[in-house]
Every structure is written in C-alpha cells, then in structure tokens.
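Below is one structure, written out as structure tokens; the observations come after it.
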Amino acid sequence: MGRNSFLRISKTVVRILDSCVIDSMRGSDNLQTGIEKLILVGTSPAAALRDIITLVCRKTRSRVALLSRGEDSDKCAPVIAHHGVSTRLADRFCAALAPYRTECTRTCKSIAVHAIDKAVLAAFPEELHELKIGRLLVIPLYKLHKPLGCLILARRTADFDTDTISTIEQNRAGLVLLLEQLDYLDTISLYSNFANYDGLTGLYNHRYFQQALDKEISRSQRLNHPVSLMMIDIDHFKQYNDSFGHPQGDAALKNIAGALQRSIRSYDLAARYGGEEMVVILPQVPPNKALSLAERIRTAVAELPFRGATDTHRVKLTVSIGIAGIPAHAKIKSELIERADQALYLAKEEGRNRVSISLVRSRKSIRFAYCPPAFTSPYYSDILTGVRDVMNQIGGISLVARAPDRESDYLGLARICRSIINDGIDAIALSSHSDAVAPVVRELNKANVPVFFFNALSKIEGADVVSYVGYRQRQAGREVGRFLARSLREHGSILILKGLPNSSSADRVAGFRNEIARFPNIRVVATRKGDWERAKSRRAVEQVLAKQPIDAIYAVSDEMALGACEAVAAAGYSGKIFIVGQDGTNAALQAIRDGVMTATLNTNPREMGRILMRTVVRGLNRRDRVEPKIFSPINIVNLENVDHF
C-alpha cells in the first residue's frame, strides 16, 4: 500500500475522531488533536501507532503503555508498540498479563485493575518488579465483535478513573483503523513473500535469488567489500529418487535445506536454484573464508540419516559444493554464477562429497610450461589434452609446450628450461623418475619458478618441488599381474617388455613380478627391452616368438604394446596371445575395441593432465593449500568396459 492510500485512510480516521464527543476528561481535546496530527504525518501505520502509544502514555500519566495484537494464542500476542520499557521486557510483560487480556477480548469490555492478582505478579520478570506496577487498564480494540488487540496502560499507585477509561474508549476508533490497515499490509507482505519462497524446501526461490544477488553485488562494488556464492548439488540424487521414490526425494530435499539454513548466518541468503541444486549468497566473505562454512554444510548433510527402502533402513546422501567470489573470480553476476557452477563441476569431477573453490583468476593470467620427457609417446599428448581441458574451462592461461627429441635427454631438457626461464613463466611441469633431472630443477628453483611433477611420485632429492601428480607405479604393475593371472587361469608363460632404465619401467616390472610370483604355474619366460618405442618392441616380440611359444605379453607402455600387437598379428597368433599395455592412450583403447589388444592398465592420462593443471593453478594461489603428492586414478580397461572410456 502506497503513501496516497495511507493518507486517504488517515483522513477517514480524522473524520471519525471529529465525530467523537470528548468532554469527560481534562485535556481530552489535546489528546484527540495529538492523535489526529500523528496519523496525518505518520509514514506508516506501525510508526503512527508507536507515536500514538507514546502520546497516550504521557497524557494519561501512565508508567508503561503496550499495544498488543490479537492472536489465536493469547499468550503469544505480539507487542506492536510500547513505551516505558524495552522491547524484550514489553513482550514478557504482555505475556504475564495474558489472563487480563483473555478476559478483555472475550467480553469486549475494558478492565481496570486496582490490585494485580498474585499469580500475575509472580509471572512478572524481575525488572518489572523494580517499576512497582500496581494499577492496570486493559482496553479492548475490536470491530464488529472481532478482537484486533488490546491497549494496556500501567501505573504505580493511582487508579484509572471512569473519565480516563471513557476518553480512551472514545479515541480508540483511530487505533482500530490503524490496526486494520497494519493487518492488511501484513497480509499483502505475507502473500508477496509466498511468491519469493520455494514451496517444498522453504528456501528462497530462483527469481528472488537473482534479485538478491543483483543487490548484493551492487552493494559489494559500492562499498568495496567481497561477496561469495556457494553452489550446492546433492550427489547421485537421481539414483536416490529412482530407488526410493519421489516423495522420499522431496523429504530428503527438505532435510538438506533445513541443515543448510541451520548452518548459515542470519544475513546470508539460501535459495533453491533448481532441482537438487541450492545456492547461498555470503555478503562480505571472500571465497577462502567461505571454505570453512562450506565444509560445515557438507559435514552436516553427510551426518544426516535418510530413509531408505523401509522405516528402519537408513542411507546416506552427500553434497558437492562450488565456491566463487567477487572480485576474486568474477566482476559481474553472470561470471560469478558461471564460476561457482564450474567449481561445483570440479568438486563432482574430483570425487563428489567435497568443496572446491573456482580456479579462475579474474585479474592476472598464468604463463605455464609443459615439458614431458619427449613427445614420442601419445601418452604425453593425452596428458597435454587434459591440461588444455582445464585451460579452456577457466581461461587466463597461456601455454608453452616443449620437450627433448628423445627420452632421458637431460641436457636437452636443461636447455629447454633455460630458454623458458628467459621467456618468463609462472610455473613449469616436468616428468622424470631419475635424480638426473635434479640440476634442472635447482636452476628453476634459483629463478623462483614453481616446479610441478606429473606421472611421477618419487621425490627428487635436493630440489624443491611444489607437488607430485601421478600414480603408484608398483601398484600399477600388481594390477596388471592380477588381471593376467585371472585371464590365464593361473597357468601360462609371459613375456615382459620393459622401458628405458632409470625410469618408471623398473617399478612397474617389479610390482608385476611380485604379483605373478604368487602363482606357481605362471612363468615369466623372457624380458626384453622396448625402450618405450613401438618399432623396437615389435622386433623384440618377433625374436621371442621365433624361438618359443608364449601365452601373454605385458608391455609397460601402450606404445610398446601396440608394437607387440603388430608382431603377434604378423606371426599369425592374433586372438591367441593376451596382450596387456599400460597407459590408457586413445590408440590403445581403439585397439581394444578392434579386438587387437586384450587390455590396458588405464592410468587416465587425460585426467592426470586435468589434475596437474588444477594443481598448478591452486599452487600459484598462495591461499590454496596444495598436497605434496596427488594420486591419479588407475583401472583395467578391456573389451567389457572400454565403451565407458
């Protein structure tokens, strides 16, 4: 209701007051005139009521005045205006006077209390006893016998005489109309709020969230303070819905929304973004400070029990959370929402039930160097593809990709690193399992270039490395050993193709041999050098096949395994010899689909590249903690599951 509507009602109130005959109380004309003025100048019904209550309290020489609204439960009737006591004390005073208010609204008659009941006095808070209240006047405010509220006046010793009661009753018409107007405004506000809330979760809806975020960003830019946005998604929620039904899914949404509301501050704003996604606006909070709150929300949800197939069956649900902020990651609203969504996707991609902060940097770009041992193997190209995936996703990264012509050329690698240092870079990624690379790393350390290692977990002695990204090489060899033992049914002969010395090859072969040693009827009949090369591996396999039959071949890289496939096909043994590689390159996966290769230990090179690039970005952000070792996932891929990759 606007200002004009309020003035129209105010004039109606004044006309009603003018029709009242007030001649029974000294100073009553002054009271009527004062009420008229307050109604006309009031900015809202609530403000006018507060001023009128103060005026009535002073004109009647009362110690305390309260105006309470009628409620279904009289004990909970809210005080909408008061004078002489604090808000907290006014609420407690009104609650203590419930017996008098109940009687007053029931009979629609005023009550003058000359001696307060002992039970009511006992309910007074200690502060009220200090006021020494001894007399009360309770005036009902009603229309057509419908109670709207009560006016309560309190004195110390002087009784309220009939003239005072009569004058207040004749002036209450203005109070009644103002209460009606206040009820009307509250009803409009209530239905307006219904339009702002999500009916299922009780959170704000998407439309209101967009409006609130606009306002908060404007305030953030005006006052130069940060604002963060959390985007929350329930992990595997569709699976829960499909398994236990949509009614239980709705109940789960409500429970998670409740945990969210209990976790945030009173001035944070939580909303349902859509489906099982929720968002939280965090004013004056930078993204790194929002991390602890996000972890609290994630933990609170993970600890909730959710109904499963029966009343006694309980299951767990988790959430993934993405965080982005202004000005750290974005400058405008659309960018902020996009960055928070990307961070949420990152949390999902890295295993779910976790919190991720956006990797995007809204200001400084990153110049990053990727230096594998060589580009002779598709494996390092696949890692580079993963690096480019993250670069395209977050932007602001320029790439330098250089490598020696052959593996283990450490002098060539040193020359490349020196030229890169001169060009100016922010970080570099290397790959080596040999301490021979230590002098190169020390040169980079002196130039204050952060160094990251990929496809390697072995620590380089005497050098400072931010983080090692890779997988356990011996474990990889054991995984292949277990797979081949099952494929051979624990009986057969195996050829091993190994890579260059002083490389990961030795660990892979050692893990494989340890596992195969558990099966006495499986023998490793030969070990040959393939040196990571397809052609050399083909020749090595041809030489072995010319001398003796074999049942399986384990090549410690896919490139060597593809060379073995060519030799086996040329010898006419296709489909008769198990051939297992290691890496998970695209060429190997296609060979499995074509039935040429049996399997590969997929070390997920593309995913390793993504992990590497995210780790670099986090490592360059001084506020983000980076683990010294980060493990990339591994798994066997064969004809049964190759279509998933």
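Structural remarks
- Heavy-atom accessible surface of residue 417, to the nearest 10 Å², is about 0 Å², with a 1.4 Å probe and all protein chains retained.
- With a Förster radius of 56 Å applied to the C-beta separation of residue 542 and residue 345, the computed FRET efficiency comes to 0.75.
- Charge dipole of the stretch 370-410 about the Cα centre (unit charges at C-beta), most positive-ward option of 392, 403, 380: 392
- Cross-link check: pairs 459/529; 118/146; 333/629; 254/333; 143/254 evaluated at a Cα-Cα cut-off of 32 Å; pairs beyond the cut-off: 333/629; 143/254.
- Fully extending the segment from residue 117 to residue 639 would add 179.1 nm, taking 0.36 nm per residue of separation and subtracting the current Cα-Cα distance.
- Peptide packing: for 545-555, 378-388, 299-309, the average count of neighbouring Cβ atoms within 10 Å per residue gives the ranking 378-388, 545-555, 299-309, highest mean first.
- Were the residues from residue 573 through residue 352 laid out at 0.36 nm apart, the gain over their Cα-Cα distance would be 75.1 nm.
- Taking label positions 7 Å along the Cα-Cβ direction at both residue 58 and residue 225, the computed distance is 3.6 nm, reported to one decimal.
- Cα centroid separation, the stretch 413-428 to the stretch 278-351: 38 Å.
- For the stretch 423-504, the share of accessible area belonging to carbon and sulfur comes to 42 percent (1.4 Å probe, ligands and nucleic acids excluded).
- In Hz, Karplus ³J(HN,Hα) per residue of the stretch 377-388 (6.51, -1.76, 1.60; θ = phi - 60°; x = Gly, Pro): 10, x, 4, 6, 5, 5, 4, 4, 4, x, 4, 5
- Heavy-atom accessible surface of the stretch 87-145: percent carbon and sulfur, 1.4 Å: 55 percent
- Shown is the FRET efficiency for residue 491 and residue 300, computed with R0 = 51 Å from the Cβ-Cβ distance and rounded to the nearest 0.05: 0.40.
- Highest mean packing first, where packing is the average number of other Cβ atoms within 10 Å per residue, the peptides 93-103, 455-465 line up as 93-103, 455-465.
- Per residue, the stretch 372-431 exposes 42 Å² of accessible surface when a 1.4 Å probe is rolled over the protein heavy atoms with every protein chain present.
- Apportionment of accessible area to carbon and sulfur, the stretch 166-264, percent (1.4 Å): 51 percent
- Of the residues 296, 610, 482, ranked by 1.4 Å probe accessible area with the largest first, the sequence reads 296, 482, 610.
- Each residue of the stretch 434-446 was assigned a 3J(HN,Hα) from its phi angle through the Karplus curve 6.51 cos²θ - 1.76 cosθ + 1.60 (θ = phi - 60°); the sequence is 10, 5, 5, 7, 4, x, 5, 5, 5, 4, 5, 4, 5 Hz, with glycine and proline shown as x.
- Net length available on complete extension from residue 126 to residue 185 is 17.7 nm, with 0.36 nm assigned per residue and the Cα-Cα distance removed.
- Whole-number D in µm² s⁻¹ for the chain, Kirkwood Cα-pair radius fed into Stokes-Einstein, 10 °C, 1.306 mPa s: 51 µm²/s
- Largest-first ordering by accessible area, 1.4 Å probe, given options 145, 129: 145, 129
- Heavy-atom accessible surface of the stretch 494-613, averaged per residue, reaches 39 Å², computed with a 1.4 Å probe.
- Given R0 = 60 Å, the distance between the Cβ atoms of residue 517 and residue 335 translates into a calculated FRET efficiency of 0.60.
- Whole-number accessible area per residue in Å² for the stretch 166-249, which is evaluated in the context of all protein chains at 1.4 Å: 49 Å²
- Nearest-10 value in Å² for the accessible area of residue 344, using the 1.4 Å probe: 10 Å²
- Residue 276 sits with roughly 60 Å² accessible to a 1.4 Å probe, with DNA, RNA and ligands left out of the calculation.
- Residues of the stretch 234-253 with amide N under 14 Å of a point placed 7 Å along Cα→Cβ from residue 309: 243-245
The values are calculated or read from the model by the stated rules, or taken from the named source; none is laboratory data. Keep in mind that this is a model prediction, so the values were computed, not measured. Virtual Cβ from ideal backbone geometry, glycine too; neighbours counted across all protein chains shown. The accessibility values were calculated without ligands, DNA or RNA, using every heavy atom of the protein model including side chains. Shrake-Rupley method; radii C 1.70, N 1.55, O 1.52, S 1.80 Å.
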